[in-house]
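The values are calculated or read from the model by the stated rules, or taken from the named source; none is laboratory data. Quick caveat: nothing in here was measured; it's all calculated off a predicted structure. Here the Cβ positions follow ideal geometry from the backbone for every residue, glycine too, while neighbour counts run over all protein chains shown. To get the accessible areas, we keep the full protein, side chains included, count just its heavy atoms, and leave off ligands, DNA and RNA. Shrake-Rupley method; radii C 1.70, N 1.55, O 1.52, S 1.80 Å.
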Amino acid sequence: AQKITQTQPGMFVQEKEAVTLDCTYDTSDQSYGLFWYKQPSSGEMIFLIYQGSYDEQNATEGRYSLNFQKARKSANLVISASQLGDSAMYFCAMKWTNAGKSTFGDGTTLTVKP
Amino acid sequence: DGGITQSPKYLFRKEGQNVTLSCEQNLNHDAMYWYRQDPGQGLRLIYYSQIVNDFQKGDIAEGYSVSREKKESFPLTVTSAQKNPTAFYLCASSISRANNSPLHFGNGTRLTVT
(Lines give C-alpha, C1' and ligand atoms only; values in the text may rest on other atoms or scores of the structure.)
Protein backbone atom coordinates (compact mmCIF):
# COMPACT_ATOMS: atom_id res chain seq x y z
CA ALA A 1 0.00 0.00 0.00
CA GLN A 2 1.08 3.53 -0.69
CA LYS A 3 2.15 5.59 2.30
CA ILE A 4 3.48 9.08 2.90
CA THR A 5 5.49 9.90 6.03
CA GLN A 6 6.20 13.39 7.31
CA THR A 7 8.32 13.06 10.44
CA GLN A 8 8.36 16.71 11.53
CA PRO A 9 5.09 17.69 13.27
CA GLY A 10 6.36 21.26 13.72
CA MET A 11 9.22 23.38 12.42
CA PHE A 12 10.47 26.89 13.16
CA VAL A 13 12.50 29.09 10.84
CA GLN A 14 13.77 32.64 11.02
CA GLU A 15 12.41 35.06 8.43
CA LYS A 16 14.59 35.19 5.28
CA GLU A 17 16.24 31.84 6.01
CA ALA A 18 15.72 28.61 4.08
CA VAL A 19 13.90 25.60 5.52
CA THR A 20 13.54 21.96 4.46
CA LEU A 21 10.39 19.97 5.16
CA ASP A 22 10.85 16.21 5.00
CA CYS A 23 8.72 13.70 3.11
CA THR A 24 9.34 10.02 2.50
CA TYR A 25 7.05 7.73 0.58
CA ASP A 26 6.49 4.05 0.10
CA THR A 27 5.23 2.53 -3.11
CA SER A 28 6.06 -0.40 -5.36
CA ASP A 29 4.77 1.46 -8.41
CA GLN A 30 7.27 2.84 -10.92
CA SER A 31 4.98 5.62 -12.12
CA TYR A 32 3.80 8.15 -9.58
CA GLY A 33 3.54 11.86 -8.91
CA LEU A 34 4.54 13.73 -5.75
CA PHE A 35 2.90 16.96 -4.67
CA TRP A 36 3.22 19.52 -1.92
CA TYR A 37 0.27 21.56 -0.67
CA LYS A 38 0.08 24.48 1.76
CA GLN A 39 -2.77 24.94 4.21
CA PRO A 40 -2.91 28.34 5.96
CA SER A 41 -4.92 28.74 9.14
CA SER A 42 -7.95 29.73 7.05
CA GLY A 43 -8.18 26.11 5.91
CA GLU A 44 -7.94 26.18 2.12
CA MET A 45 -5.37 23.87 0.48
CA ILE A 46 -3.03 25.42 -2.07
CA PHE A 47 -1.03 23.37 -4.60
CA LEU A 48 2.66 24.36 -4.51
CA ILE A 49 4.81 22.02 -6.57
CA TYR A 50 4.83 18.71 -8.47
CA GLN A 51 7.53 16.10 -9.19
CA GLY A 52 7.05 13.12 -11.49
CA SER A 53 8.77 9.82 -10.74
CA TYR A 54 10.51 9.86 -14.11
CA ASP A 55 11.65 13.48 -13.88
CA GLU A 56 15.43 13.63 -13.71
CA GLN A 57 15.61 17.23 -12.56
CA ASN A 58 14.30 18.58 -9.30
CA ALA A 59 11.14 20.66 -9.66
CA THR A 60 11.23 24.37 -8.84
CA GLU A 61 8.47 26.96 -8.53
CA GLY A 62 9.66 30.37 -7.41
CA ARG A 63 10.89 30.07 -3.83
CA TYR A 64 9.83 26.41 -3.66
CA SER A 65 12.01 23.54 -4.80
CA LEU A 66 11.71 19.82 -4.38
CA ASN A 67 14.75 17.77 -3.39
CA PHE A 68 13.83 14.46 -5.05
CA GLN A 69 15.94 11.42 -4.15
CA LYS A 70 14.27 8.49 -5.85
CA ALA A 71 16.50 5.75 -4.45
CA ARG A 72 15.81 6.97 -0.92
CA LYS A 73 12.12 7.53 -1.74
CA SER A 74 12.24 11.05 -0.41
CA ALA A 75 10.75 14.27 -1.76
CA ASN A 76 11.68 17.09 0.57
CA LEU A 77 10.30 20.61 0.09
CA VAL A 78 12.78 23.46 0.32
CA ILE A 79 11.47 26.97 0.90
CA SER A 80 14.07 29.66 0.33
CA ALA A 81 14.01 33.14 1.88
CA SER A 82 11.13 32.37 4.26
CA GLN A 83 8.43 34.98 4.69
CA LEU A 84 5.93 35.47 7.53
CA GLY A 85 3.17 34.44 5.12
CA ASP A 86 4.79 31.02 4.75
CA SER A 87 3.55 30.10 8.24
CA ALA A 88 1.09 27.28 7.56
CA MET A 89 0.67 23.53 7.53
CA TYR A 90 2.39 21.75 4.64
CA PHE A 91 1.31 18.40 3.23
CA CYS A 92 3.15 15.96 1.01
CA ALA A 93 0.95 13.81 -1.23
CA MET A 94 1.29 11.12 -3.89
CA LYS A 95 -0.74 9.86 -6.86
CA TRP A 96 0.27 6.51 -8.40
CA THR A 97 -0.17 4.57 -11.63
CA ASN A 98 -3.12 6.67 -12.71
CA ALA A 99 -5.17 5.34 -9.79
CA GLY A 100 -6.86 8.70 -9.80
CA LYS A 101 -6.59 9.34 -6.09
CA SER A 102 -4.05 10.93 -3.77
CA THR A 103 -2.75 9.85 -0.40
CA PHE A 104 -1.51 12.48 2.06
CA GLY A 105 0.99 12.64 4.90
CA ASP A 106 0.05 13.98 8.32
CA GLY A 107 1.57 17.37 7.60
CA THR A 108 4.21 19.69 9.08
CA THR A 109 3.31 22.96 10.77
CA LEU A 110 5.82 25.64 9.80
CA THR A 111 6.17 28.80 11.87
CA VAL A 112 8.24 31.67 10.49
CA LYS A 113 9.68 33.94 13.19
CA PRO A 114 10.26 37.65 12.54
CA ASP B 1 -12.97 33.15 -12.02
CA GLY B 2 -12.91 29.38 -12.10
CA GLY B 3 -12.89 27.49 -8.87
CA ILE B 4 -14.56 25.17 -6.41
CA THR B 5 -17.35 26.38 -4.17
CA GLN B 6 -18.24 24.59 -0.97
CA SER B 7 -21.22 25.61 1.07
CA PRO B 8 -21.91 26.32 3.79
CA LYS B 9 -18.65 27.26 5.51
CA TYR B 10 -19.96 26.22 8.93
CA LEU B 11 -22.69 23.66 9.57
CA PHE B 12 -24.25 22.57 12.82
CA ARG B 13 -26.46 19.51 13.21
CA LYS B 14 -28.00 17.41 15.91
CA GLU B 15 -26.91 13.83 16.27
CA GLY B 16 -29.08 11.44 14.28
CA GLN B 17 -29.74 13.83 11.40
CA ASN B 18 -28.41 13.40 7.88
CA VAL B 19 -26.70 16.44 6.39
CA THR B 20 -25.59 17.23 2.83
CA LEU B 21 -22.49 19.25 2.00
CA SER B 22 -22.43 21.02 -1.33
CA CYS B 23 -19.50 21.10 -3.79
CA GLU B 24 -19.65 22.81 -7.18
CA GLN B 25 -16.81 23.39 -9.66
CA ASN B 26 -16.64 25.43 -12.85
CA LEU B 27 -13.16 24.27 -13.87
CA ASN B 28 -14.53 21.61 -16.27
CA HIS B 29 -12.58 18.99 -14.34
CA ASP B 30 -13.46 15.32 -14.77
CA ALA B 31 -12.42 14.09 -11.33
CA MET B 32 -13.83 15.17 -7.98
CA TYR B 33 -12.99 14.12 -4.43
CA TRP B 34 -14.14 14.41 -0.85
CA TYR B 35 -11.62 14.43 2.00
CA ARG B 36 -12.06 14.56 5.74
CA GLN B 37 -9.57 16.35 8.00
CA ASP B 38 -9.50 16.03 11.79
CA PRO B 39 -7.62 18.58 13.94
CA GLY B 40 -3.85 18.46 13.44
CA GLN B 41 -4.08 15.57 11.01
CA GLY B 42 -3.78 14.85 7.33
CA LEU B 43 -6.52 14.32 4.77
CA ARG B 44 -8.37 11.04 4.45
CA LEU B 45 -10.26 10.16 1.28
CA ILE B 46 -13.98 9.53 1.65
CA TYR B 47 -15.23 9.16 -1.96
CA TYR B 48 -14.03 10.07 -5.41
CA SER B 49 -15.48 10.25 -8.89
CA GLN B 50 -13.64 10.13 -12.20
CA ILE B 51 -16.69 10.65 -14.41
CA VAL B 52 -20.36 11.56 -14.24
CA ASN B 53 -22.62 8.84 -12.81
CA ASP B 54 -19.67 6.91 -11.43
CA PHE B 55 -17.89 7.07 -8.07
CA GLN B 56 -15.70 4.90 -5.85
CA LYS B 57 -15.25 4.49 -2.12
CA GLY B 58 -12.15 5.91 -0.56
CA ASP B 59 -10.49 4.84 2.67
CA ILE B 60 -13.22 5.96 5.07
CA ALA B 61 -16.52 5.71 3.14
CA GLU B 62 -18.63 4.17 5.90
CA GLY B 63 -21.43 6.47 7.00
CA TYR B 64 -21.15 8.70 3.91
CA SER B 65 -22.84 8.77 0.51
CA VAL B 66 -22.31 10.77 -2.68
CA SER B 67 -23.81 11.33 -6.10
CA ARG B 68 -22.37 12.62 -9.39
CA GLU B 69 -25.33 13.46 -11.61
CA LYS B 70 -23.60 16.45 -13.18
CA LYS B 71 -19.96 17.09 -14.02
CA GLU B 72 -19.99 20.28 -11.96
CA SER B 73 -21.49 18.90 -8.77
CA PHE B 74 -20.43 16.28 -6.20
CA PRO B 75 -22.52 16.56 -3.01
CA LEU B 76 -21.60 14.58 0.10
CA THR B 77 -24.21 13.31 2.56
CA VAL B 78 -23.09 12.58 6.09
CA THR B 79 -25.55 10.04 7.43
CA SER B 80 -26.53 9.25 10.98
CA ALA B 81 -24.50 6.05 10.62
CA GLN B 82 -21.25 8.03 10.67
CA LYS B 83 -20.04 7.63 14.26
CA ASN B 84 -17.80 10.71 14.49
CA PRO B 85 -19.04 13.21 11.89
CA THR B 86 -17.59 16.37 13.46
CA ALA B 87 -14.68 17.34 11.19
CA PHE B 88 -13.47 19.66 8.44
CA TYR B 89 -14.55 18.47 4.99
CA LEU B 90 -12.67 19.42 1.85
CA CYS B 91 -13.87 18.97 -1.70
CA ALA B 92 -11.34 18.86 -4.53
CA SER B 93 -11.17 18.38 -8.27
CA SER B 94 -8.49 17.57 -10.82
CA ILE B 95 -8.35 17.75 -14.60
CA SER B 96 -7.94 13.98 -14.83
CA ARG B 97 -6.89 10.88 -12.96
CA ALA B 98 -3.33 11.19 -14.32
CA ASN B 99 -0.39 11.14 -11.91
CA ASN B 100 0.68 14.66 -12.87
CA SER B 101 -2.72 16.25 -12.25
CA PRO B 102 -2.81 18.23 -8.98
CA LEU B 103 -5.84 18.72 -6.79
CA HIS B 104 -7.70 22.04 -6.64
CA PHE B 105 -9.54 22.51 -3.38
CA GLY B 106 -12.59 24.38 -2.14
CA ASN B 107 -12.46 26.38 1.08
CA GLY B 108 -13.98 23.57 3.12
CA THR B 109 -17.02 23.03 5.32
CA ARG B 110 -16.62 22.73 9.08
CA LEU B 111 -19.30 20.36 10.37
CA THR B 112 -20.18 20.17 14.05
CA VAL B 113 -22.59 17.52 15.28
CA THR B 114 -23.84 17.65 18.87
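What residue, among those in the range B:82-114 that are open to solvent by 60 Å² or more (accessible area, probe 1.4 Å) and either hydrophobic (A, V, I, L, M, F, W, C) or closer than 20 Å to residue B:50 by Cα (or both), is farthest from the other protein chains (Cβ to nearest Cβ)? Step through it out loud before you land on a result.
Residues of the range B:82-114 open to solvent by 60 Å² or more (accessible area, probe 1.4 Å): B:83-84, B:86, B:95, B:97, B:100, B:104, B:107, B:110, B:114.
Pick out the ones that are also either hydrophobic (A, V, I, L, M, F, W, C) or closer than 20 Å to residue B:50 by Cα (or both) and you get B:95, B:97, B:100, B:104.
On the way: B:95: 11, B:97: 3, B:100: 5, B:104: 7 Å.
That would be B:95.
Being among the hydroxyl-bearing types (Ser, Thr, Tyr), in contact (Cβ under 8 Å) with a residue 24 or more places away in the chain and under 23 Å from residue B:105 (Cβ atoms): is that true of residue A:65 here?
Details: among the hydroxyl-bearing types (Ser, Thr, Tyr): yes; in contact (Cβ under 8 Å) with a residue 24 or more places away in the chain: no; under 23 Å from residue B:105 (Cβ atoms): yes.
When the stated conditions are applied, residue A:65 does not pass them.
Within the range A:68-91, identify whether any single residue is at the interface with chain B (Cβ under 9 Å from one of its Cβ atoms) and touching a residue at least 60 places away in the same chain (Cβ under 8 Å), and answer yes or no. Yes; the residues of the range A:68-91 include at least one that is at the interface with chain B (Cβ under 9 Å from one of its Cβ atoms) and touching a residue at least 60 places away in the same chain (Cβ under 8 Å).
All of A:55, A:26, A:106 fail the test of being of a type in the set (Asp, Glu) and either within 9 Å of chain B (Cβ to nearest Cβ) or open to solvent by less than 10 Å² (accessible area, probe 1.4 Å) (or both), apart from A:106.
Each residue in the range B:1-55 was checked for being facing chain A (nearest Cβ under 10 Å), under 11 Å from residue B:108 (Cα atoms) and assigned to a loop (DSSP other than H, G, I, E, B), and 1 of them qualify.
Just give me the residues in the range B:64-94 being among the hydroxyl-bearing types (Ser, Thr, Tyr) and assigned to a strand (DSSP E or B), in sequence order.
Residues of the range B:64-94 among the hydroxyl-bearing types (Ser, Thr, Tyr): B:64-65, B:67, B:73, B:77, B:79-80, B:86, B:89, B:93-94.
If the condition is that a residue be among the hydroxyl-bearing types (Ser, Thr, Tyr) and assigned to a strand (DSSP E or B), then B:64, B:65, B:73, B:77, B:89, B:93, B:94 are the ones that fit.
As a summary of the residue check, residue B:69 satisfies the conditions (1) under 15 Å from the mean Cα position of the chain (by Cα); (2) open to solvent by less than 40 Å² (accessible area, probe 1.4 Å); (3) within 19 Å of residue B:4 (Cα to Cα); (4) free of Cβ contacts under 8 Å to residues at least 40 places away in the same chain except for the one numbered (2).
Can you find, within the range A:1-14, the residue that is most open to solvent (accessible area, probe 1.4 Å) among those that are part of a strand (DSSP E or B) and farther than 20 Å from residue B:103 by Cα? My answer is A:12. Restricting A:17, A:44 to those that are assigned to a loop (DSSP other than H, G, I, E, B), open to solvent by 10 Å² or more (accessible area, probe 1.4 Å) and closer than 17 Å to residue B:93 by Cα reduces the list to A:44.
Residues in the range A:72-87 that are surrounded by fewer than 21 Cβ atoms within 10 Å (Cβ to Cβ), assigned to a strand (DSSP E or B) and of a type in the set (A, V, I, L, M): 1 in all. Once the range B:1-51 is narrowed to residues that are out of contact with any Gly (no Cβ under 8 Å at 6 or more places or on another chain) and among the basic types (Lys, Arg), the residue that is surrounded by the fewest Cβ atoms within 10 Å (Cβ to Cβ) is B:14. Among the residues of the range A:29-41, those that are open to solvent by 20 Å² or more (accessible area, probe 1.4 Å) and at pLDDT 95 or above comprise A:38, A:40.
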